[in-house]
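Values in this text are rule-based calculations from the coordinates and carry no lab data. What you see is a predicted model, and the numbers here were worked out from it, not measured in a lab. For neighbour counting, all protein chains shown are included, and Cβ atoms are generated from backbone atoms with ideal geometry for every residue, glycine included.
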Amino acid sequence: MSAKTLYDKLFDSHVVREENGTALIYIDRHLVHEVTSPQAFEGLKIAGRKLWRISSVLAVPDHNVPTTDRSQGIADPISRLQVETLDQNCSDFGVTEFKMGDDRQGIVHVMGPEQGATLPGMTVVCGDSHTSTHGAFGALAHGIGTSEVEHVMATQCLVQKKSKAMQVRVEGKLGLGVTAKDIALAIIGRIGTAGGTGYAIEFAGSAIRGLSMEGRMTLCNMAIEAGARAGMVAVDDTTIDYVKGRPYAPRADQWEAAIAYWRTLHSDEGAHFDAVVELKAEEIEPQVTWGTSPEMVTAVNGRVPDPAQENDPTKRGGIERALQYMGLTANTPIDQINIDKVFIGSCTNSRIEDLRAAAAVAKGKHVAPNVKLAMVVPGSGLVKAQAEQEGLDKIFKEAGFEWREPGCSMCLAMNADRLEPGERCASTSNRNFEGRQGPGGRTHLVSPEMAAAAAVTGHFVDVRQLLN
Amino acid sequence: MEAFTQLNGLAVPLDRANVDTDAIIPKQFLKSIKRAGFGPNAFDEWRYLDHGEPGMDNSQRPLNPDFPLNQPRYQGASVLLARENFGCGSSREHAPWALLDYGFRAIIAPSFADIFFNNCFKNGILPIILSAENVDTLFREVEATEGYKLLVDLTSQTITTPQGAVYAFEVDAFRKHCLLNGLDDIGLTLQHVNEIKAFEANRKASQPWLFN
């Protein structure tokens, strides 16, 4: 048998049937949130269909939930209705849901792995493009639309064509203050937001193997920002150690068989990739986006680009439009850009390791006077509790940050957390699209360390200067 | 799902690369629990001069006169001409719902984001990939010619311009079949219930921890 990629192994082992290159693949885990599921549940009800396998589904409200006091519920009636609709649908169909107020409630892509509900070798889907996060476990995970949510609910399967395989190999050792987020942004800067379109990306190399599970999740999370529906990392001891003992992990009597299988989840020696991209870890510096697409990114010691230097007219127009929207002038050094707000959170960067790293930078310092709001939104109730146990909340609060309740928050501003028009934000989220964090808001994507550094200095700054 | 066979539709150009689904339908409208009614808020932040929220009377809102969809010559357009990586970002199916509700049945671009591309087929919208050069030509012609209609024929997989130029396009055979016949995937998949059950039983035997 010929050498297989990790993607080949994951895809092939889930094919129920295949006809003319279109496969029906079996789905092991279906994660559900309130925004992309109501129309799917409604479709099932209208057609009189049931869930194929209820135990495969886990639901959690995250996009609309408030991050401030929750004792009065959700103030916005439309947001409230959407969350109540999820509650009702889960109750009607018998789905396990971690409701607001439950410690396990949080961002769906933080909750799944935290519960052990994401396991190596699984297919994982969710009506959310950042489902690619779960590929960090050696799983095949990607976002789906609401029609597909309904399809998986009714059939436990998805109609799929196999993607091409891309390997992104990062060798070497990351420098101080350089994180998985910087790797992700550097990759997107290299291949562009459509560079991974049509591919499933496997992240490999010594720098990737050196990442924690949190770091691997950050990286796979942003595979979609490179255009790839799925990102993944091979299983190793780091993966297995993370999974062990979690609520949905294999029971003790299943454990040895499970890890024996999981250890086969890597690309074979000599496996063929349709594309290979290589980066050297030592060359990656802390990244900051300057525009309205994640590919509009540079190193913190770089400058805002000059559209006059771009020959392609479509790209030049894109840069000009982005600079106008962002209120930036060509050739401005990145570290001279002042900020108004800071958001530390999102499915990209709200896990315990992210909060520890940001707190280490903020400790003993204070949010700069020109920064109107610096907020920390833990990814889940359990992350929040862990951080509080470690005293991180105190560090943040003493430094002038707000310490919030878990949810998606200002990553996409569906709840009350948002930028006002023209406000500039250092954000650990994943998308800097126009209006993403609020109409007219200006988003710069950075790592948690870089966000904390920007908060305490009032402008972007090379975090390595604060760490030295 | 409404079948798609042939469309002779007015084309409207949207000359931006990397149009994301946040731009196609901003997040505040995602709070709806329905599939319909997103059309008036398609491209909301570019289309209107004020800030839109759910429940507003959109007919009373100030329009951005520079946005192509607002120009009189493009009223009634059903073919959207776009640039590369159209539909990137969020997987929200509200994006194709909004485009469909607005009246678009076909989108032509040099490339699409994967999830959006897939979501279009589930909703009776035909996304068509043409080469960047051919898309450029169409942009030039549609901007130069008022009332520029494209004849999109799924059966023959061709686009015919008013001048009679014909562009062939590729489409996956299964998706074409579903679109031509307006078929619902779930019904098709459920024809294979026994195979799914057999696969599941095997899986449960070999990896029981997946079913805890």
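Here are some notes:
- Cβ-based charge dipole, chain B, positive-most Cα from B:Tyr74, B:Pro127, B:Pro162: B:Pro127
- Subset of A:Lys99/B:Lys31; A:Lys162/B:Lys204; A:Lys315/B:Lys176; A:Lys164/A:Lys280 violating a 26 Å alpha-carbon distance limit: A:Lys315/B:Lys176
- Dipole moment magnitude, nearest 20 debye, chain A about Cα centre, only Lys, Arg, Asp, Glu C-beta charged: 100 debye
- Computed from backbone phi, the HN-Hα couplings of the stretch B:46-58 come to 8, 8, 10, 8, 9, 8, x, 9, x, x, 6, 7, 5 Hz, rounded to whole numbers (Karplus: 6.51 cos²θ - 1.76 cosθ + 1.60, θ = phi - 60°; Gly and Pro given as x).
- Estimated at 0.36 nm per residue, the fully extended path between A:Leu176 and A:Glu402 surpasses their Cα-Cα distance by 78.7 nm.
- Paramagnetic label reach from A:Ile46 (point 7 Å along Cα→Cβ; backbone nitrogen cut-off under 19 Å): within the stretch B:17-45, residues B:30-40.
- Based on C-alpha pairs under 8 angstrom that are at least 6 apart in sequence, chain A has a relative contact order of 17 percent.
- Neighbour-count ranking [beta-carbon atoms within 10 angstrom, fewest first] of A:Asp92, B:Asp172: A:Asp92, B:Asp172
- Sorted fewest first by neighbouring Cβ atoms within 10 angstrom, B:His177, A:His33 come out as B:His177, A:His33.
- Bridge type composition, the protein assembly as shown - antiparallel percent by DSSP, nearest 5: 35 percent
- The sum of -39500 (n - 2.57) across all DSSP H runs of n ≥ 4, divided by the residue count of the protein assembly as shown, sets its helix-only mean residue ellipticity at 222 nm to -9000 deg cm²/dmol.
- Part-to-part distance (alpha-carbon centres) for the stretch A:91-155 and the stretch A:315-362, which is given in Å: 28 Å
- Less than 5 angstrom separates the built amide H of B:Ala106 from those of B:Leu80, B:Leu126, all sequence-distant by 5 or more or on a different chain.
- For the stretch B:118-186 and the stretch A:419-468, distance of Cα centres in Å: 40 Å
- Neighbour counts of other Cβ atoms within 10 Å put B:His192, A:His444 in the fewest-to-most order B:His192, A:His444.
- Here the spin labels are modelled as points 7 Å beyond Cα on the Cα-Cβ line, and at B:Lys34 and A:Arg190 they lie 4.8 nm apart.
- Computed from the C-beta positions of B:Leu188 and A:Arg263, the FRET efficiency with R₀ = 30 Å rounds to 0.20.
- At 1.306 mPa s and 10 °C, Stokes diffusion of the protein assembly as shown via Kirkwood alpha-carbon radius, µm² per second: 63 µm²/s
- Under 5 Å from the amide H of A:Trp290 lie the amide H atoms of A:Val297, A:Thr298, each residue being 5 or more positions distant or on a separate chain, with H modelled from the backbone and absent for Pro and chain starts.
- Bridge type composition, the stretch B:6-181 - antiparallel percent by DSSP, nearest 5: 50 percent
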